[in-house]
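Enquirer: Take a look at the following structure, please.
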Amino acid sequence: MVDAAASFDGNRVAANEISAHSIRADQGRWTTAASDGVGLADYIQFCASALFAPAQSASWVNNWAIATGADMVVATLAYDARPALSLALEVVRRGPFKIARFAGGRHANGNFAAGDPRFLSTIDGPATRSMFKAIARARPDIDLISLERLLPNLDGVVNPLAALPSFPSPNLALAVDLDGGFDALLSRASGKRKRKKHRSQTRKFEAVGAFRRIEARTRDEVDRLLDAFLGMKEARFAKMGIANVFGDRQVRDFFRALFTDALTEEKPSFLLHGLDVAGKLRAVTGSSRCGKRLICEFGAIADDDLAFTSPGDFLFFDNIQEACELGFDVYDFSVGDEAYKRLWCDIEVQHFEVLAPLTLKGRALAAAMRQGARAKAFIKNNPTVWNLTKMLRRKAAGQAAPAPAEDDS
């Protein structure tokens, strides 16, 4: 993990900066400031004592900026000169538009902006909108601020962005209540069947060779598990007929740096697990810690001779059991409503999205994005339409049958 007091890479700052100015706007005792990438050093320092979701951590934001060369903008809301809320956003181009979004794009889920818990309950809509105005003044080239997949609350603290006009995210997030421990969980979730399946899988693995669950604890292990995951995911997306969101080299470099940096922490914020059977990785998950929540950020299985044994389900069984042993309250499967998640989950989390146009062009784009979200929600919430959509994607990719449905991005 990066040092909270470390300065941001000066070369990267110079490349990203449009100007060195900082814009301030008074609103009673609240003040706002917005700057280009130079503000990341202050953001990293603020995160040392702030509350935030994994994708808004200093390590995530800093590593994303370094790996991708992202054009960053940082906005901060302060109360009596004490930072209360901070947004570290990347600016991306979509056709003729420029959009400011959470660093990581589609990889950033369950978002909660970095904030000082002492002030979060006092931040209202006008105070937050003053941050957007500061961004507009500092970066007049930005058309729209798009804040997607926002958590409604984190560790019982309401998301201050919920005070703004918003709409539901098209994808549900699913999670498991770990109250009472693993035995209690299994008593609520077809435990007898799950234990029987786990024993059956164990016998099948033993028939092939030795097997073990691995947690990456060295740089070499991070490389091995991440390389295996990326290969699995590439094959999976090809079968599904959709673009590989992990395919870009810069994205791969980001995840490699993220999980490697976490090894320096006493309790790593990001961790990789794998199921090795007969010397080959058959399933891999990438997770993050967030308070009393263990979050599965991604997972994949190998499409090989053992795919029929559901190695991903086996790994989830062990991951969830360990989460209970470590005292987590929730195991979070993150975004995506999938059948393999429903086998465990008893919590539905409805994320929300905020669109803040800064220009007339931005208003038009925001309207189109709202319509798109409604259309996506209709498709995914209608089983017939959603199954037809997936079938057409597979046919377009030349696949006649569905791929195994126990991995997710």
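Enquirer: Check ASP276, ASP313 and return the single one that is among the charged types (D, E, K, R), more than 23 Å from the chain's Cα centre (by Cα) and at pLDDT 95 or above.
Expert: Numbers: ASP313 fails: more than 23 Å from the chain's Cα centre (by Cα).
Matching residue, one of ASP276, ASP313: ASP276.
Enquirer: Sticking with this one: Can you tell me which residue among ALA228, ALA138 is under 30 Å from PHE259 (Cα atoms), hydrophobic (A, V, I, L, M, F, W, C) and touching a residue at least 24 places away in the same chain (Cβ under 8 Å)?
Expert: Working: ALA138 fails: under 30 Å from PHE259 (Cα atoms).
When all the criteria are applied, what remains is ALA228.
Enquirer: Another question about this same structure. Listed residues LEU258, LEU225, LEU272, LEU230; which is assigned by TED's automatic domain parsing to the domain that holds ALA300, of a type in the set (A, V, I, L, M, F, W, C) and in a strand (DSSP E or B)?
Expert: Working: LEU258 fails: in a strand (DSSP E or B); LEU225 fails: in a strand (DSSP E or B); LEU230 fails: in a strand (DSSP E or B).
Selected residue: LEU272, the only one of LEU258, LEU225, LEU272, LEU230 that is assigned by TED's automatic domain parsing to the domain that holds ALA300, of a type in the set (A, V, I, L, M, F, W, C) and in a strand (DSSP E or B).
Enquirer: Same structure, new question: Yes or no: LEU147 of a type in the set (A, V, I, L, M), assigned to a strand (DSSP E or B) and over 21 Å from SER287 (Cα atoms)?
Expert: Working: of a type in the set (A, V, I, L, M): yes; assigned to a strand (DSSP E or B): yes; over 21 Å from SER287 (Cα atoms): yes.
Against the criterion (of a type in the set (A, V, I, L, M), assigned to a strand (DSSP E or B) and over 21 Å from SER287 (Cα atoms)), LEU147 qualifies.
Enquirer: Look through LEU186, LEU154 and report the one residue that is aliphatic (A, V, I, L, M), within 20 Å of PHE328 (Cα to Cα) and at pLDDT 95 or above.
Expert: Values: LEU154 fails: at pLDDT 95 or above.
Being aliphatic (A, V, I, L, M), within 20 Å of PHE328 (Cα to Cα) and at pLDDT 95 or above holds for just one of LEU186, LEU154, which is LEU186.
Enquirer: Let me ask something additional. Return the total of residues in the range 187-197 being of a type outside the set (D, E, K, R) and either in contact (Cβ under 8 Å) with a residue 40 or more places away in the chain or in contact with a helix residue (DSSP H, G or I) (Cβ under 6 Å, 6 or more places away or on another chain) (or both). Walk me through how you get there before you give the answer.
Expert: First, pick out the residues of the range 187-197 that are of a type outside the set (D, E, K, R): 187, 189-191.
If we keep only those that are either in contact (Cβ under 8 Å) with a residue 40 or more places away in the chain or in contact with a helix residue (DSSP H, G or I) (Cβ under 6 Å, 6 or more places away or on another chain) (or both) too, we end up with 189-190.
Total meeting the criteria: 2.
Enquirer: Next question, about the same structure. Under 6 Å between Cβ atoms, at least 6 apart or on separate chains: pull out the pairs that start in the range 22-50 with a residue that is among the small types (Gly, Ala, Ser) and end on any residue that is at pLDDT below 85 and buried (at least 19 other Cβ atoms within 10 Å of the Cβ).
Expert: GLY37/VAL13; GLY37/ASN16; ALA41/PHE8
Enquirer: Can you give me the number of residues within the range 240-282 that are under 17 Å from PRO311 (Cβ atoms) and surrounded by 18 or more Cβ atoms within 10 Å (Cβ to Cβ)?
Expert: If we filter the range 240-282 for residues that are under 17 Å from PRO311 (Cβ atoms), which is where we start, we get 272-282.
When the remaining residues are screened for being surrounded by 18 or more Cβ atoms within 10 Å (Cβ to Cβ), the result is 272-277, 281-282.
Of the residues in that region, 8 qualify.
Enquirer: Within the bounds of the range 19-32, is there any residue that is crowded, with 23+ Cβ neighbours inside 10 Å and either at pLDDT 90 or above or not in a helix (DSSP H, G or I) (or both)? Lay out the reasoning, then the answer.
Expert: Initial filter on the range 19-32 (crowded, with 23+ Cβ neighbours inside 10 Å): 32.
From what is left, the residues that are either at pLDDT 90 or above or not in a helix (DSSP H, G or I) (or both) are 32.
Taking every residue of the range 19-32 in turn, at least one turns out to be crowded, with 23+ Cβ neighbours inside 10 Å and either at pLDDT 90 or above or not in a helix (DSSP H, G or I) (or both).
Enquirer: If a residue must be farther than 21 Å from ARG193 by Cβ, surrounded by fewer than 23 Cβ atoms within 10 Å (Cβ to Cβ) and touching a Lys or Arg at 6+ places or on another chain (Cβ under 6 Å), how many such residues does the range 283-330 contain?
Expert: Count: 3.
Enquirer: Still on this structure: Determine which member of the set GLY312, GLY279 is touching a strand residue (DSSP E or B) at 6+ places or on another chain (Cβ under 9 Å) and of a type in the set (Gly, Ala, Ser). First the steps, then the outcome.
Expert: Details: GLY279 fails: touching a strand residue (DSSP E or B) at 6+ places or on another chain (Cβ under 9 Å).
When all the criteria are applied, what remains is GLY312.
Enquirer: Can you run down the residue pairs with Cβ atoms below 9 Å, 6 or more apart or on separate chains, where the first is in the range 301-313 and among the aliphatic types (A, V, I, L, M) and the partner is assigned to a loop (DSSP other than H, G, I, E, B)?
Expert: Going by the 9 Å Cβ cut-off, the qualifying pairs are ILE301/SER310; ILE301/PRO404; ILE301/GLU406; ILE301/ASP407; LEU306/ALA278; ALA307/PRO404.
Enquirer: Just checking, does the range 105-115 include any residue being more than 19 Å from the chain's Cα centre (by Cα) and not hydroxyl-bearing (Ser, Thr, Tyr)?
Expert: We begin by selecting, within the range 105-115, every residue more than 19 Å from the chain's Cα centre (by Cα); these are none.
No: the range 105-115 contains no residue that is more than 19 Å from the chain's Cα centre (by Cα) and not hydroxyl-bearing (Ser, Thr, Tyr).
Enquirer: Within the bounds of the range 39-60, is there any residue that is at pLDDT below 90 and closer than 30 Å to THR122 by Cα? Explain how you work it out, then say what you get.
Expert: Filtering the range 39-60 down to residues at pLDDT below 90 leaves 39.
Restricting the remaining residues to those that are closer than 30 Å to THR122 by Cα gives 39.
Checked against the condition, which is being at pLDDT below 90 and closer than 30 Å to THR122 by Cα, the range 39-60 yields at least one hit.
Enquirer: Further, regarding this structure: Please find, within the range 240-255, the residue that is nearest to PHE298 (Cα to Cα) out of those that are in a helix (DSSP H, G or I) and touching a residue at least 12 places away in the same chain (Cβ under 8 Å).
Expert: Filtering the range 240-255 for residues in a helix (DSSP H, G or I) gives 240, 249-255.
With the extra rule that they be touching a residue at least 12 places away in the same chain (Cβ under 8 Å), the set shrinks to 240, 250-255.
Values: MET240: 16, GLN250: 17, VAL251: 14, ARG252: 13, ASP253: 16, PHE254: 14, PHE255: 11 Å.
Only one residue tops the list, namely PHE255.
The values are calculated or read from the model by the stated rules, or taken from the named source; none is laboratory data. Everything numeric in this text was worked out from a predicted model, so none of it was measured. Here the Cβ is made from the backbone with ideal geometry for all residues, glycine too, and neighbour counts use every protein chain on show.
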